[in-house]
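Take a look at the structure below.
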Amino acid sequence: GSEEYQLRASLAQTVVRPDLRESAAVVYIDPQINQRVRGNPQVKSSDISHLDLRAEFFYENGDNFTVSLFYKDIDAPIETVRQPGSDDNVVLTYENADTGDIVGIEFEGLMSLPARLVQMDGLFVSGNVAISDSEVSIDGRNNVLTNEKRRLTGHSEYVANAQLGYDSP
């Protein structure tokens, strides 16, 4: 069959602003981790520079496949840190780290399922898998951190999504 492809590179700048829970000067219980958390009104926005390299392949029947390499350079990423305290008086808060970066690869695709196999025209599977790594550098002098270089808070090494769908002709 016929196949087309595109190669693209892009540079972009974005900003991540602190949300209300990160910047409000209040203490609350985070229901997911059952910990006390204090917002920090001093936390500031994070500027992000992105570099993406992407190869996309398109097939005559509508199927497609994409592979992307990406790099993100983050200035002052917002990180969760533990404030000094006793074992039963734990309070988490938010601080801006010095720098952070993320590097990774992502695979995406969509494939029509042959009607002769599934006895129905229009069924497809699609999905993506991203594999990435990150590092953040944070000054631990004010928070007595034990590790000043680590992965970004909440960053997953692997992310996968899959879908079984139907596209009616």
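We did not get these values from a lab; they are worked out from the coordinates using the rules stated. Since the model is a prediction, treat every value here as computed from it, not as a measurement. Heads up, the Cβs are rebuilt from the backbone with ideal geometry, glycines too, and the neighbour counts pull from every protein chain shown.
Could you tell me which trypsin sites (Lys or Arg not before Pro) in the stretch 39-95 are loop residues by DSSP with no more than 16 other beta carbons within 10 angstrom of their beta carbon?
K44
Among the GluC sites (Glu not before Pro) found in the stretch 1-86, those both in a DSSP coil and sparsely packed, with 12 or fewer other Cβ atoms within 10 Å of their Cβ, are E60. GNM on the chain, alpha-carbon springs under 10 angstrom: the most fluctuating residue among G109, G62, G127 is G62.
Quote the charge dipole size of the chain about the Cα centre in Debye, to the nearest 20; the model charges only the Cβ of Lys and Arg (+1) and of Asp and Glu (-1).
Dipole about the Cα centre, nearest 20: 580 debye.
Springs join every pair of Cα atoms under 10 Å in this Gaussian network model of the chain, and among Q35, Q119, Q13 the largest mean-square fluctuation is at Q119. If you place +1 on the Cβ of every Lys and Arg and -1 on the Cβ of every Asp and Glu, how big does the dipole about the Cα centre of the stretch 34-119 come out, in debye to the nearest 20? So the magnitude is around 340 debye. Here are several values of semi-axes √(5λ) of the Cα gyration tensor in Å: (i) 46, 19, 14; (ii) 48, 16, 12; (iii) 42, 20, 13. Which one was derived from the coordinates shown? Among (i) 46, 19, 14; (ii) 48, 16, 12; (iii) 42, 20, 13, the one derived from this structure is (iii).
Please say if the stretch 1-56 is rounded, prolate or oblate, where rounded means a/c under 1.5 for a ≥ b ≥ c the square roots of the C-alpha gyration tensor eigenvalues, and otherwise the choice is prolate for a/b larger than b/c and oblate otherwise? It is oblate, given that a/c is not under 1.5 and a/b is not larger than b/c.
Think of the stretch 1-76 as having a plus end and a minus end, set by charges on the Cβ of Lys, Arg, Asp and Glu; of I29, A76, G62, I29 sits farthest toward the positive end of this dipole.
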